[in-house]
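Notes follow once the structure below has been shown.
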Amino acid sequence: MTSLRVLHVLDHSLPLHSGYTFRTLSLLREQRRLGWTTFHLTSPKHTGSGALAEETIDGWQFFRTLVPAAPRHTLPGLGELALMRQLEHRLAEVAQQLRPDVLHAHSPVLNALPALRVGRRLGIPVVYEVRAFWEDAAVDHGTTTEGSLRYRLTRWLETRALRRASHVFTICEGLRGDIVGRGIAPGKVTVIPNAVDVDTFSQGGTPDAALAAQLGLAGCSAIVGFIGSFYAYEGLDLLLDALPLLLRQQPGLRLLLVGGGPQEAALKAQAARLGVAGQVVFTGRVPHAKVQRYYDLIDVLAYPRHSMRLTELVTPLKPLEAMAQGRLLVASDVGGHRELIRHGETGLLFKAGSAPALAEAIVQLLAQRERWPQLRRAGRHFVETERTWAASTARYQAAYAKVLGRPVDVAVERDG
């Protein structure tokens, strides 16, 4: 049996830690378990490797692309053009050396366009995996505005790449619907859902009394928490707005915010302005190895994402990780959450943007402790049966075979 050879073109990789990196490694592990050979090239946007052309980290080999010299002029788009030219040159070198069967470019489109040029030149089919649209990421980071000339140009480039790719993968139905809406044939688009390694998540441990005391949380009637990055779209400002409403009904309740990010200073100022700073604990960023201790302190996890194009289209990982641990959660009813959470079965959904609705959902969940065991079991069952990386990665096989025009073999594990 000849092993399928796939060259993945990535925005960044280890040693950087991000949701992007986590998804990448999970998919690569499962592709290798299927018996496929994977290679990995990072774009010039990856930082931290200096002038290394190749690098091995935690047993994974990565080909690197050097960062191009800064352009002399600062006209819009010149920087991105330089990045794509550099990546195209490096990808051509690596592809000629490795001779993969497929070039698998992962978003942003800055990776897809160079891959398409190299693939056409070398006669290698190119598939494009969209984790988010470049134009939406630019809006989220404040570098452009929706409807601007830059936004429209970026969207045009994204659509062009989608049309030229041999096949398109994406992470959820929300993004798939948008892609098909651009005129891409439905049969050309396959969803590879976000998932979790269920075996790496233990179900709810005993709260650490020493940690609770250290954080000033000993004796609280309930702890509502969020663990993650403090971006504006996460809606933590809404969670703070809901806190006074919660405290009226449960004065002993406390809010635990674990992590950090661009909104941290604004959130602390908001807590002070609302007069609830004494009922909110900001821990700062916590090492990954210690995060489980903080999860175990929390009674209800809150995911109050605001409704915007990004959150309506894209599914997050955090609720899946929470369900894998059998956690209780409330979440706004944005599209990305509705794909993951079954209201009243695996968690509670509330009207996005409404602090009273968020407070009501939390109060309802805290008051119905008899429902907790069933909610925990249902969440865990959902990820065990529908959201494993093995199940997600298996969806590549048919698409790769269609692109190559031949069957794609997979390794078969045999007992004994």
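The values are calculated or read from the model by the stated rules, or taken from the named source; none is laboratory data. Here the structure is a predicted model, which means the values were calculated and not measured. Note that we place each Cβ from the backbone using ideal geometry, even for glycine, and neighbour counts take in every protein chain shown. Keep in mind that these areas ignore ligands, DNA and RNA; they rest on the heavy atoms of the full protein, side chains included. Shrake-Rupley method; radii C 1.70, N 1.55, O 1.52, S 1.80 Å.
Which residue fluctuates the most in the chain, going by a Gaussian network model with Cα springs under 10 Å, if the choices are 288, 381, 89?
Checking each option, the largest mean-square fluctuation is seen for 288.
Report the longest stretch of the chain that contains none of the GluC sites (Glu not before Pro) sitting in a DSSP loop with at most 13 other Cβ atoms within 10 Å.
The answer is 147-344.
What size of dipole, in debye to the nearest 20, comes out for segment 182-307 about its Cα centre when the only charges are +1 on Lys and Arg C-beta atoms and -1 on Asp and Glu C-beta atoms?
Charge dipole of segment 182-307: 320 debye, to the nearest 20.
In whole percent, what relative contact order does the chain give with Cα contacts below 8 Å and a gap of six or more residues?
Over the chain, the number comes to 15 percent.
I'd like the orientation of helix 109-122 relative to the chain: the angle between its Cα long axis and the longest Cα principal axis, in ° from 0 to 90, rounded to 10.
Around 20 degrees separate the two axes.
Positive end of the charge dipole of segment 309-398 (Lys, Arg +1 and Asp, Glu -1 on Cβ, about the Cα centre): tell me which of 341, 354, 366 has its Cα farthest that way.
The residue sitting farthest along the positive end of the dipole is 366.
Computed over the Cα atoms, what is the radius of gyration of the chain divided by 2.2 N^0.38 Å, N being its residue count?
1.04
Leaving out ligands, DNA and RNA, and with a 1.4 Å probe, what % of the accessible surface on segment 77-233 is carbon or sulfur?
Numbers: 3400 of 6490 Å².
Whole-percent figure for carbon plus sulfur exposure: 52.
May I ask you to give the percent of accessible area on segment 363-416 that is carbon plus sulfur, with a probe radius of 1.4 Å?
49
In the chain, if the dipole is taken from +1 on Lys/Arg beta carbons and -1 on Asp/Glu beta carbons about the Cα centre, which of 258, 315, 245 is farthest to the positive end?
315
To the nearest 20 debye, what is the magnitude of the charge dipole of the chain about its Cα centre, counting +1 on the Cβ of each Lys and Arg and -1 on the Cβ of each Asp and Glu?
For the chain, the charge dipole is close to 880 debye.
Only Cα pairs under 8 Å and at least 6 apart count here; give the relative contact order of segment 149-275 as a rounded whole percent.
20
Of 45/268; 188/351; 318/351; 45/351; 290/351, which ones are farther than 26 Å apart at the Cα?
Result: 45/268; 188/351; 45/351; 290/351 exceed 26 Å.
Picking from 132, 324, 236, whose Cα lies most toward the positive end of the charge dipole for the chain (charges on Cβ: Lys, Arg +1; Asp, Glu -1)?
132
Give the dimensionless ratio obtained when the Cα radius of gyration of segment 165-235 is divided by 2.2 N^0.38 Å.
1.87
Rounded to the nearest 5, what % of the DSSP beta bridges within the chain are antiparallel ones? Walk me through the intermediate numbers first.
Working: 4 of 48 bridges.
Percentage antiparallel, nearest 5: 10.
Angle between the Cα long axis of helix 149-164 and the longest principal axis of the chain, 0 to 90 degrees, nearest 10?
The answer is roughly 60 degrees.
Using only Cα atoms, find the angle between the long axis of helix 372-386 and the longest principal axis of the chain, and express it within 0 to 90 degrees, rounded to the nearest 10.
Tilt of helix 372-386: around 0 degrees.
At 1.4 Å probe radius, can you tell me the per residue accessible area of segment 285-369 in Å²?
Ligands and nucleic acids excluded, the result is 37 Å² per residue.
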